[in-house]
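K.L.:
First, the structure itself, so that you have it in front of you.
The values are calculated or read from the model by the stated rules, or taken from the named source; none is laboratory data. Please read all numbers here as calculations on a predicted model, not as lab measurements. Neighbour counts run over all protein chains shown; Cβ positions are idealised from the backbone, glycine included.
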């Protein structure tokens, strides 16, 4: 490790390793693992070496999974849940550079260990977390309703759309834990091309995410434990594209957050293409484009990376792949969005630079943009080391758009000891209730009837 930790290269000189290190450290602030455990694991990794990355994270994940099993045997489900959550996320982290391994056959077995830990979290939740399969085009998508308690009370519900390669446990570190602590439900799922749908079923991405989000909402509005008038949405990473695309057609969310704002996914794919090659793509000259892409002079590493990135899209032909990714843009539909939207815009956004502001400018209705800065330690794609700052602002904004009755329901939950039953949120829930009680006593923001606070 070299240089200032907050700057690029602070943990690893390899930019991808450095970014992933920040993600796993940020997750620790939301209760996934421990900061010291993360730092100790990072110390065992050789900069830029996928094999040592894989070995380090699978080793710590296996240890945590064993600790979780032991805690269950001793009758300590809260301890088990913490261990399984960290193990599940660390197994997922082990796979982020799987395309660089000599043996990539480890992907499915390790993914299944990851998902087994997630299933144990659900089983140990004592009825708070429930499996909810989503009917989808003759089959089902894996879905999970995470609830702050098992009473079945109707609650505001945050529907989270993951990114291109994020895990379900990782979403707890991207705002789900904070939403649970506020008395909300959270719904998470694997959509087409995501996690189990890709690794176990081979179902690819689709650009028209309304065809995914609408079945999710169709199901949720039938449930007694979901307040159908208080549904909100959140899209993380490439999910910032998908949520934006979906709300152009699906109007039942009262508000949505794009983290970050994404106008055109393909921009990151085409930015490094030489102008002549880009002209071949745009003019539809498939054979000529493919001849250049597969011709001599290309690096094996670049070819391997392209093949790996193409798997979730279900395509191997370079021209077809780039053409398909070109569909992933919202310029054509942004003008019909009526859902209030919050756009998150971090400094040093490395995957969709400049796009959050462009999306904000395209939106015709109620909108807001929040910038996150390097000075806050909340820069880079999806603010990996600034997640608590992110969560408080985005959830406050979403809460401000809930119907008054739904906002009051969240406040009542914070005064109810039942929220202490949730292992993911119990400590933070108690702290939140104490903070609100003190604030109410001195006439602070929590004394407002809607419980809303603003940090902007």
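K.L.:
If you go through the range 432-448 one residue at a time, do you hit one that is surrounded by fewer than 20 Cβ atoms within 10 Å (Cβ to Cβ), at pLDDT 65 or above and assigned to a loop (DSSP other than H, G, I, E, B)?
P.N.:
no
K.L.:
Name the residue that is surrounded by the most Cβ atoms within 10 Å (Cβ to Cβ), counting only residues in the range 288-311 that are more than 33 Å from the chain's Cα centre (by Cα) and in a helix (DSSP H, G or I).
P.N.:
Checking each candidate, the answer is 289.
K.L.:
In the range 134-161, which residues are in a loop (DSSP other than H, G, I, E, B), crowded, with 24+ Cβ neighbours inside 10 Å and in contact with a strand residue (DSSP E or B) (Cβ under 6 Å, 6 or more places away or on another chain)?
P.N.:
Of everything in the range 134-161, just one residue is in a loop (DSSP other than H, G, I, E, B), crowded, with 24+ Cβ neighbours inside 10 Å and in contact with a strand residue (DSSP E or B) (Cβ under 6 Å, 6 or more places away or on another chain), namely 147.
K.L.:
Looking for something assigned to a helix (DSSP H, G or I) and at pLDDT below 95 - is there at least one such residue anywhere in the range 92-103?
P.N.:
Yes; the residues of the range 92-103 include at least one that is assigned to a helix (DSSP H, G or I) and at pLDDT below 95.
K.L.:
Out of all the residues in the range 354-383, which are part of a loop (DSSP other than H, G, I, E, B), surrounded by 16 or more Cβ atoms within 10 Å (Cβ to Cβ) and in contact with a strand residue (DSSP E or B) (Cβ under 9 Å, 6 or more places away or on another chain)?
P.N.:
Scanning the range 354-383 gives 363, 378, 379, 380, 381, 382, 383.
K.L.:
Determine the pairs where a residue that is assigned by TED's automatic domain parsing to the domain that holds residue 282, located within the range 327-340, has a partner that is at pLDDT below 95 and buried (at least 20 other Cβ atoms within 10 Å of the Cβ) with Cβ atoms under 6 Å apart, the partner being 6 or more residues away or on another chain.
P.N.:
Filtered contacts from the range 327-340: no entries.
K.L.:
Residues 10, 68: which one is assigned to a loop (DSSP other than H, G, I, E, B) and surrounded by 15 or more Cβ atoms within 10 Å (Cβ to Cβ)? Let's see the steps before the verdict.
P.N.:
On the way: 68 fails: assigned to a loop (DSSP other than H, G, I, E, B).
That would be 10, the only listed residue that is assigned to a loop (DSSP other than H, G, I, E, B) and surrounded by 15 or more Cβ atoms within 10 Å (Cβ to Cβ).
K.L.:
Follow-up question, since we're still on this one. Which of the residues spanning the range 177-195 are under 9 Å from residue 142 (Cβ atoms) and out of contact with any strand residue (DSSP E or B) (no Cβ under 9 Å at 6 or more places or on another chain)?
P.N.:
Answer for the range 177-195, where residues must be under 9 Å from residue 142 (Cβ atoms) and out of contact with any strand residue (DSSP E or B) (no Cβ under 9 Å at 6 or more places or on another chain): just 195.
K.L.:
Taking the range 312-353, which residues are part of a helix (DSSP H, G or I) and surrounded by 17 or more Cβ atoms within 10 Å (Cβ to Cβ)?
P.N.:
Matches in the range 312-353: 312, 313, 318, 319, 321, 322, 323, 324, 325, 334.
K.L.:
When residue 428 is evaluated against the numbered criteria (1) farther than 27 Å from residue 247 by Cα; (2) modelled with pLDDT of 95 or more, which criterion, by number, is the only one it fails?
P.N.:
Residue 428 satisfies all of (1) farther than 27 Å from residue 247 by Cα; (2) modelled with pLDDT of 95 or more except (2).
K.L.:
If you don't mind, another one. Among the listed residues 342, 315, identify the single one that is within 19 Å of the chain's Cα centre (by Cα) and over 18 Å from residue 209 (Cα atoms).
P.N.:
342
K.L.:
Quick check on the range 29-47: of everything there that is in contact (Cβ under 8 Å) with a residue 24 or more places away in the chain and over 26 Å from residue 175 (Cβ atoms), which residue is surrounded by the fewest Cβ atoms within 10 Å (Cβ to Cβ)?
P.N.:
If we take residues in the range 29-47 being in contact (Cβ under 8 Å) with a residue 24 or more places away in the chain and over 26 Å from residue 175 (Cβ atoms), then 47 is surrounded by the fewest Cβ atoms within 10 Å (Cβ to Cβ).
K.L.:
Taking residue 300 as meeting all but one of (1) out of contact with any helix residue (DSSP H, G or I) (no Cβ under 7 Å at 6 or more places or on another chain); (2) modelled with pLDDT of 95 or more, write down the number of the exception.
P.N.:
Looking at each condition in turn, residue 300 falls short on (2).
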